[in-house]
Amino acid sequence: MADPIRVLVTGAAGQIAYSLLYSIAKGDVFGKDQPIILVLLDIPPMLPVLDGVVMELQDCALPLLREVIPTDKVELGFKDLDAAILVGSMPRKEGMERKDLLKANVAIFKTQGAALEKYAKKSVRVLVVGNPANTNCLIASKSAPSIPKENFSCLTRLDHNRARSQVAMRCGVPADAVKNVIIWGNHSSTQYPDVHHAMVNVHGKEVEAYSAVKDDSWLKGDFISTVQLRGAAVIKARKLSSAMSAAKAICDHMRDWWFGTLDGEFMSMGVYAGGNSYGIPEDLIYSFPVHIKNKSWNIHDGLPINDFSRAKMDATAAELVEERDTALSFLSQ
């Protein structure tokens, strides 16, 4: 049996973490033979709730779960980490301007980046979930300069899964019959769900998504807006945010990062844009199609980009540049 790996989840008393922790602890993410030490970090008022979460994890009697450490102390939370899943962030409150939200989160992710820098392993893999995820991820990375930029990513797998599912339902096939959808850009309503390079397995034969769906106006209209606005639609219906599907996407993202993507397939991840071949400004965390091998991702280069896609990719990049510049102005204060 391997040595335990140390995995941090922040915002650990929240509803996303509640849906996430069991899957990690039972081996769905890091492997069925990989013992886990789970570190649960939250703010002091949430510690009593965290105690209840710890009790439940203990009561699951999971053979891979070697230890659960609840804490509100960054020096304990970030110590010797192999993986950090940063779920906790300041949510947008009614009447709050986006810049106010950015300012609050810059402070949080500057602190967490500095804690990663000081206490975590330099090989730590960091997934930022808390919104605005792309810019929070960039701030965390900049605050941890000795950890490679490639070790930071943000979650756009939920959007990827949403896009895959929408196409699958439209074609009457299972979700795993659809591959190589792409989420470009920001995890926001400007993101661009792109199926120009996606393939659908219909009756055992792979066909291009546009041929399988046979409805170009839907693919260029309602499909895109449905994926872009899905989070808001879930909140409107549930009166709570997407917890189950977000937790599943976090598991998918981290499992692929650990074990790699399948040959001929790429997944969407928000990653550092440096050196990309798509003309996206470099100092951003931007969602691209990536291949993963040996815990390292590479952007899938060379896809032809038509004018429709180019405009949408540039629009979401422009939003990220504006977010970055606003956040960096707060970072320097």
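The values are calculated or read from the model by the stated rules, or taken from the named source; none is laboratory data. Being a predicted model, the structure only gives us computed values, none of them experimental. No Cβ is skipped: glycine too gets one built from the backbone with ideal geometry, and neighbour counts run over all protein chains shown. Remember, those area values only see protein heavy atoms, side chains included, never the ligands or the DNA or RNA. Shrake-Rupley method; radii C 1.70, N 1.55, O 1.52, S 1.80 Å.
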It is to be established whether one or more residues within segment 125-148 are under 19 Å from ILE299 (Cα atoms) and surrounded by fewer than 17 Cβ atoms within 10 Å (Cβ to Cβ). yes
Residues that are open to solvent by 30 Å² or more (accessible area, probe 1.4 Å), farther than 30 Å from ALA12 by Cα and hydrophobic (A, V, I, L, M, F, W, C), drawn from segment 250-298: LEU262
Touching a residue at least 12 places away in the same chain (Cβ under 8 Å) and loosely packed, with under 15 Cβ neighbours inside 10 Å, is that true of ASP80? yes
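Rundown of residues vs (1) among the aliphatic types (A, V, I, L, M); (2) without any contact (Cβ under 8 Å) to a residue 12 or more places away in the chain, yes/no style:
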position	(1), (2)
SER225	no, yes
ARG230	no, no
LYS239	no, yes
ILE250	yes, no
Output the residues belonging to segment 83-100 that are surrounded by 18 or more Cβ atoms within 10 Å (Cβ to Cβ) and of a type outside the set (Ser, Thr, Tyr). ALA83, ALA84, ILE85, LEU86, VAL87, GLY88, MET90
Residues that are farther than 26 Å from VAL126 by Cβ and of a type in the set (S, T, N, Q): find the helices (runs of 4 or more DSSP H) completely inside segment 201-264 holding 2 or more of those. 222-228
Taking the condition within 15 Å of GLN166 (Cβ to Cβ) and open to solvent by less than 40 Å² (accessible area, probe 1.4 Å), does GLY185 pass? no
Condition check for ALA12: at pLDDT 95 or above, open to solvent by less than 30 Å² (accessible area, probe 1.4 Å) and in contact with a Pro (Cβ under 8 Å, 6 or more places away or on another chain): yes
